[in-house]
Amino acid sequence: MRTLHAAPVVRGTLGDGEVLHDGAVLVDGGRIAAIGPLDELRAAHPQARVRQWPGTLGPALVHDGPVPDAPTPRERIHALLRLGATAVLAEHVAEPGLRAAAERNEVAVLDRPRPAALAEAGRADLAVFGADGACLATVLAGRLVHRRR
């Protein structure tokens, strides 16, 4: 099933890059199928489910520091997802249990940092941030893995 993730503001990259107002990202399985104005994507894909988010939708983060503390490796990885991160540097998940938890959850383990960006045909790793900077939702490879209630 295709899903349109829509928000008042969509950023293709983190920082001061181009901004799309009333935009959306069309996700098909685990990949980004299209990025554009919500009205256009909705008309082109009327069967797509629409998830309307408040705030700013953009690429998920690459976590470049120590993984937050929690009682179990699974909970530590989930703490990353709550921050809007779907990738982590390998040096911070060297512990076997933590590495295994990252891999089970499909969190990307990277040798070095990479710019976070949305791209058609790229993996659908998205995050939504509120005006206060808090992560409202995280989508990892097309799956909603965190939603702030």
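The values are calculated or read from the model by the stated rules, or taken from the named source; none is laboratory data. The shown structure was predicted, so the numbers you read here are calculated from the model rather than taken from an experiment. Neighbour counts run over all protein chains shown; Cβ positions are idealised from the backbone, glycine included. SASA here: full protein model, heavy atoms, side chains in, ligands and nucleic acids out. Shrake-Rupley method; radii C 1.70, N 1.55, O 1.52, S 1.80 Å.
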For a quick check of your reading of the model, give me the residue pairs whose first member lies in the stretch 49-75 and is over 15 Å from ILE35 (Cβ atoms), whose second is assigned to a loop (DSSP other than H, G, I, E, B) and open to solvent by 40 Å² or more (accessible area, probe 1.4 Å), with beta-carbon atoms closer than 7 Å and at least 6 apart or on different chains. ARG49/MET1; GLY55/ALA131; LEU61/LEU83; VAL62/PRO113; VAL62/ARG114; HIS63/LEU83; ASP64/PRO113
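A quick yes/no check of all residues on (1) farther than 15 Å from ALA127 by Cα; (2) crowded, with 21+ Cβ neighbours inside 10 Å:
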site	(1), (2)
VAL9	no, no
GLY23	no, yes
GLY30	no, no
ARG42	yes, no
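Could you list, in sequence order, the residues of the stretch 65-88 that are more than 21 Å from VAL128 (Cα to Cα) and either among the acidic types (Asp, Glu) or open to solvent by less than 60 Å² (accessible area, probe 1.4 Å) (or both)?
If the condition is that a residue be more than 21 Å from VAL128 (Cα to Cα) and either among the acidic types (Asp, Glu) or open to solvent by less than 60 Å² (accessible area, probe 1.4 Å) (or both), then ASP69, ALA70, THR72, PRO73 are the ones that fit.
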All positions within the stretch 109-128 that are surrounded by 18 or more Cβ atoms within 10 Å (Cβ to Cβ), hydrophobic (A, V, I, L, M, F, W, C) and closer than 14 Å to ALA85 by Cβ: ALA116, LEU126, ALA127, VAL128
Give me the strands (runs of 3 or more DSSP E) completely within the stretch 54-149, filtered to those with at least 2 residues that are out of contact with any strand residue (DSSP E or B) (no Cβ under 6 Å at 6 or more places or on another chain), ordered by residue number. 143-147
